[in-house]
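Coordinate-derived values only; no laboratory data. Quick caveat: nothing in here was measured; it's all calculated off a predicted structure. Note: ideal-geometry Cβ built from the backbone for every residue, glycine included; neighbour counts use all protein chains shown.
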Amino acid sequence: MIVDLNELYNEAKNASSNGDLLTFSILLDRVLREDISHTGAWELLYPLLGEGVDFKSFQRQFIQDHYPYEWENFNQAQQISLEMNLKSPTNQSN
């Protein structure tokens, strides 16, 4: 079965807005299991659970606590993203 992550994300966002935290957590878990780097999922989670912790520390701890098997994939995705940003035309001198 093909999962539409954007649809799951939007449903999670709506559940959060409606105060349905059980549905929110189930849907967001599905999103993160498919794409641990899903920006929208992290933007929803951080304000709810990251109080008093900087974003990167929250993200690292959350992944290590809940998705430890994804830690390496997450680090690789972050490294690729960083390398792509460094190679983008806006970051190169003329």
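Scan region 1-60 for GluC sites (Glu not before Pro) in coil per DSSP, keeping those whose Cβ has at most 13 other Cβ atoms within 10 Å, and list them by number.
In loop regions of region 1-60 (DSSP not H, G, I, E or B), the sparsely surrounded GluC sites (Glu not before Pro) are GLU51.
What is the gain in length, in nm to one decimal, between LEU22 and GLU51 on full extension, counting 0.36 nm per residue of separation less the C-alpha to C-alpha distance?
Here the answer is 8.5 nm.
List the chymotrypsin sites (Phe, Trp or Tyr not before Pro) in region 1-61 that DSSP assigns to loop (not H, G, I, E or B) and whose Cβ has at most 12 other Cβ atoms within 10 Å. Which are they?
Passing sites in region 1-61 do not exist.
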